1. Test each condition in (1) open to solvent by 20 Å² or more (accessible area, probe 1.4 Å); (2) closer than 20 Å to Gln9 by Cα; (3) of a type outside the set (Gly, Ala, Ser) for Tyr57 and report the one that comes out false.
2. Counting only residues that are of a type in the set (Val, Ile, Thr) and more than 16 Å from the ligand (Cβ to nearest atom), how many does segment 146-168 have?
3. Among Ile358, Ile349, Ile380, which is the only one that is within 15 Å of the ligand (Cβ to nearest atom) and within 27 Å of Asp303 (Cβ to Cβ)?
4. Are there any pairs, at least 6 apart or on different chains, whose C-beta atoms fall under 8 Å, with the first in segment 123-145 and assigned to a helix (DSSP H, G or I) and more than 16 Å from the ligand (Cβ to nearest atom) and the second basic (Lys, Arg) and open to solvent by less than 40 Å² (accessible area, probe 1.4 Å), and if so, which?
5. Between Ser154, Ser179, which is outside any loop (DSSP other than H, G, I, E, B), among the hydroxyl-bearing types (Ser, Thr, Tyr), buried (at least 20 other Cβ atoms within 10 Å of the Cβ) and not assigned by TED's automatic domain parsing to the domain that holds Lys13?
6. Of the residues in segment 506-537, how many are in contact with a strand residue (DSSP E or B) (Cβ under 9 Å, 6 or more places away or on another chain) and within 16 Å of the ligand (Cβ to nearest atom)?
7. Could you list, in sequence order, all residues of segment 91-116 that are over 14 Å from Leu43 (Cα atoms) and open to solvent by less than 40 Å² (accessible area, probe 1.4 Å)?
8. State all residues of segment 254-276 that are in a loop (DSSP other than H, G, I, E, B) and surrounded by fewer than 20 Cβ atoms within 10 Å (Cβ to Cβ); if no residue qualifies, say none.
Amino acid sequence: MGNERKWTQLWLKYDRRQKEYDADLGRVNVSGFGEDTVEKKVLESALKEWKRGFEGYTGKSVTEDTAAEEAGLRILKDASVPAEGYVIEVTDPSHVVVKASEAKGVLYGIFALLRAMGLEQELSEAAGSFSPSNPLRMLNHWDNMSGDIERGYSGNSFFFKDGEILVGDRTRDYARFISSVGINAIVINNVNVKQQATWLITDRYFDKVSELSRILEEYGVKLFLSLNYAACMEIGGLDSADPMDPKVIAWWKERMKEVFARIPNLGGFLVKADSEGRPGPFTYGRTQADGANMLADIVKEYDALIIWRCFVYNCQQDWRDLKTDRARAGYDNFKPMDGDYHENVILQIKNGPMDFQIREPVSPLLGGLTKTNQMLEVQIAQEYTGHQIDVCYLIPMFKEVLDFKTYCAPENDTVADVVSGRAFGNKNAGMAAVCNTGDDENWTGNDLAAANLYGFGRLAFDMELTSEAIAEEWAGLTFENKSEVKKTVVTILLPSRKVYEKYTSPLGIGWMVRPHDHYGCSVDGYEYDRWGTYHRADHLGIGVDRSHNGTGYALQYHQPNADMYDDPETCPEELLLFFHHVSYDKVLKSGKTLIQHIYDSHFEGYDEAVALRDQWKSLEGQIENRCYENVAERFERQLYNAREWKDQVNSYFFRKSGIPDEKNREIY
Ligand code: GCV
């Protein structure tokens, strides 16, 4: 069954804390919740968690079914609390009330109390009314049924092995972890749906998928599956997947009838179509809306969603073609049908127009669409951001994206407004993260990468939280809340994204990674390939002209963003090379030339990575040795990587430009 290996408890270790909590809180009374089986199961999960957590943190025992007047913790149904929300009232240290309109709210309330205890706070600090910022808070696993994970850096899948589905204690623990940070939906299989995964919607796998789905349901998490758009051909034997073909529609209707009859707790499907070789409606001269709507109409009666990815671009580009621009593709392919996508379709849009680079502008589709359900896709699997070898805390990047003002409306126009549904008043909206977990003992390869999993969930639930607050919570819960340890970990996490950016590709140009595996430096690796990923460096300058003189990409934004990006003088400097081709001697706002900026930032980035490593070293003996060694070993690999980047990038530009470093440092 594959769940034999040991695994850590991440931020739910529940190990004894210094702070004392009143024993009365172990006496629990629940009232007002009905007989619905699913609700009961979720409540049971909440109570089990309270028992586990309270007993672990305090050493005091928990008894359920206490009479209301004697209970320290009272859990009450209150229909006025918003869906998935909870209210915590603390009258005195021995009396806490959790109110919710549904069991899921209770579960989140219990996790909030346990979080406060893990951080050794007064429970009154957890008091208040809370409800999620985003309707959907989703994880996308890119797990293949063979057991390997596309872009996985923490072992193999814990959902699949050798074509079979794994269900066991590890599944349950995972459901607990993600529920504890507010995740309410999960896609278990890779968006590139091939071979056995195409059969997940058939009798071959129904029993196991159902078992897995039931476990998720107990923790308030809806199951979604990635769908092969051509399943009707590959497993249905049809000769077409044309969304207008009655035979195709009939096949999907039949299939979905069976799927929803057999798989409980199924929220719908995620689809990658017409992208990187995957089939889709373009083959039949149809639009993306035609494909998405056909499936959405069929699953509507099951109250299900079709989440349709916008990662559609020409991946057969010729580097000599200066007009085609991959960055434009999402908008060009999806914007013309704005308003045509049906109510239960959500377009899932990557944060940037390219592909999860360390620095990209926000995709112009976010807020560019004004009549369509939209969801933000980010990636916590560190595909381009260090493979969970290099430390890279991504929450600051996600905050920047959420805070971006799109100008799609006179007010409520940030990406956060758009993806939460606030901007246009839609309920089908939210955030998804390509997930970074696997079957490694510590779940995320690098122990520090768990901060991104924790952080994504917390941020999706509450977009007002700061990156600092999230890092402090995670470090406090993971490292026993000792203040010096917590401080050091937070000091490492917070700048880590900027440090990574400094020693890799400069000013938003991206892509200087080794082709295929995407780790390590290869300045020209993607320059003459077919993926539409260029830096266009020559002996005079570097950057892609995406202004009105170039590919025109900058004009896809609403004003005044379009003008801001279009003009090199107003374009934010960290994105300068994404939008403009700039000569090496251009003077930047810092007063440095572009070439000097490239040299300086690479030397600094490497030095700062060394400093992060040294801070980690100061924790030796203060934290669990397994964790210390895990991260220490990865830091050594990070430094090797950072040094290679620094040397290769600096040498490359020195040799291209012939301009020496003003400080005469060693450039090879
Ligand atoms: C799942 C990038 C990755 C692919 C990934 C794709 C996507 O191209 O390198 O591995 O495929 O994005 O998001 O669909």
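1. Every listed condition holds for Tyr57 apart from (1).
2. Total satisfying the criteria: 2.
3. Residue meeting the stated conditions: Ile349.
4. Cβ pairs passing all conditions: Ala126/Arg115.
5. Checking each option against the conditions leaves just Ser179.
6. 8
7. Step one: filter segment 91-116 for residues over 14 Å from Leu43 (Cα atoms), giving 91-97, 112-116.
Ser94, Val96, Val97, Ala112, Leu113, Leu114, Arg115, Ala116 - these are the residues of segment 91-116 that are over 14 Å from Leu43 (Cα atoms) and open to solvent by less than 40 Å² (accessible area, probe 1.4 Å).
8. Pro264, Asn265, Glu276
The values are calculated or read from the model by the stated rules, or taken from the named source; none is laboratory data. Source: prediction; values computed, not measured. Note: ideal-geometry Cβ built from the backbone for every residue, glycine included; neighbour counts use all protein chains shown. Accessible surface is based on the protein model in full, side chains and every heavy atom, while ligands, DNA and RNA are left aside. Shrake-Rupley method; radii C 1.70, N 1.55, O 1.52, S 1.80 Å.
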